[in-house]
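Beneath this line is the structure, given in structure tokens, with notes to follow.
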Amino acid sequence: MRGMAMSDTITIHELAALGEDPRTSDWVEVTQAMIDQFAQATGDHQFIHVDPARAAQTPFGGTIAHGFLTLSLMPLLKSKVDMPRVADVKMGVNYGGNKVRFIAPVRSGKRVRGHFRTLELVEKRPGQWQQTVELTIEIEGEAKPAMIAEWISQIFV
């Protein structure tokens with residue numbers, strides 16, 4: 001399947017056959033504007049996220065993204081993976097997570113990318129598939145990842 005354009009389509013059975021083949025997204029910059037918008041949407045205005053002057057006095061040396069902002073980048077990062085689209089999908093929904101760990105902070109202005117690895121794809125009932133994916137969010141130039149999560153989605157075809 002490597003070398004397929006993102007506009008190519010595959011069946012859900014072909015997706016299952018891809019197995020654990022890891023996929024990596026393009027880089028995405030986490031800007032202060034994104035952090036501020038997330039703070040506004042969630043009501044989490046802790047100074048380490050939204051006050052650059054005060055955050056500069058912390059061990060972080062500046063503002064950092066909310067952990068939940070990092071987690072919420074999952075759909076954006078997934079959209080930036082060179083992966084063929086599954087044909088005839090009626091909808092996909094989040095089902096939940098088995099675990100989420102925030103390993104290292106994402107500083108404002110840093111770039112991140114996602115490494116996606118399918119752990120399981122099973123047909124729960126005709127036309128309803130459950131996919132469990134391990135996502136590691138890498139921070140450009142840093143040894144530790146920002147986050148590691150095991151996420152479950154339902155795909156309806």
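So which residues in the range 97-136 are over 21 Å from Ile12 (Cα atoms) and either touching a Pro at 6+ places or on another chain (Cβ under 6 Å) or among the polar types (S, T, N, Q) (or both)?
Listed by number, the residues that qualify are Asn98, Ile103, Ser108, Thr136.
Can you tell me which residue among Ile152, Ile137 is within 22 Å of Thr63 (Cα to Cα) and surrounded by 14 or more Cβ atoms within 10 Å (Cβ to Cβ)?
Only one candidate passes the filter, namely Ile137.
Could you give every pair whose Cβ atoms fall below 8 Å, whose first residue belongs to the range 66-81 and is closer than 18 Å to Val93 by Cβ, and whose second residue is in a helix (DSSP H, G or I), counting only separations of at least 6 or pairs across chains?
So the pair list comes out as Ser72/Phe38.
The rows are residues; the columns are (1) in contact (Cβ under 8 Å) with a residue 24 or more places away in the chain; (2) loosely packed, with under 12 Cβ neighbours inside 10 Å; (3) not in a helix (DSSP H, G or I).
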| residue | (1), (2), (3) |
| --- | --- |
| Leu15 | yes, no, no |
| Asp21 | yes, no, yes |
| Thr24 | yes, no, yes |
| Ala33 | no, yes, no |
| Phe38 | yes, no, no |
| Ala41 | no, yes, no |
| Ile48 | no, no, no |
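Do we find a residue being in a helix (DSSP H, G or I), among the acidic types (Asp, Glu) and farther than 21 Å from Gly141 by Cβ anywhere in the range 70-82?
Within the range 70-82, not a single residue is in a helix (DSSP H, G or I), among the acidic types (Asp, Glu) and farther than 21 Å from Gly141 by Cβ.
Every residue in the range 83-100 that is in a loop (DSSP other than H, G, I, E, B) and surrounded by 16 or more Cβ atoms within 10 Å (Cβ to Cβ), please.
Passing the criteria: Met83, Pro84.
Output the residue which, of all residues in the range 80-117 that are among the polar types (S, T, N, Q) and over 13 Å from the mean Cα position of the chain (by Cα), is nearest to Gln32 (Cα to Cα).
By that ranking, first place goes to Ser108.
Can you name every residue in the range 4-63 that is closer than 30 Å to Leu121 by Cα, more than 20 Å from the chain's Cα centre (by Cα) and at pLDDT 95 or above?
none
If we scan the range 101-112, do we find a residue that is modelled with pLDDT of 95 or more, surrounded by fewer than 13 Cβ atoms within 10 Å (Cβ to Cβ) and not in a loop (DSSP other than H, G, I, E, B)?
Yes, some residue in the range 101-112 is modelled with pLDDT of 95 or more, surrounded by fewer than 13 Cβ atoms within 10 Å (Cβ to Cβ) and not in a loop (DSSP other than H, G, I, E, B).
Looking at Ile48, Ile12, which is the one that is of a type in the set (A, V, I, L, M, F, W, C), in contact with a Pro (Cβ under 9 Å, 6 or more places away or on another chain) and farther than 17 Å from Arg113 by Cβ?
Among Ile48, Ile12, only Ile48 is of a type in the set (A, V, I, L, M, F, W, C), in contact with a Pro (Cβ under 9 Å, 6 or more places away or on another chain) and farther than 17 Å from Arg113 by Cβ.
The values are calculated or read from the model by the stated rules, or taken from the named source; none is laboratory data. What you see is a predicted model, and the numbers here were worked out from it, not measured in a lab. Cβ atoms come from the backbone with ideal geometry, glycine included; neighbour counts cover every protein chain shown.
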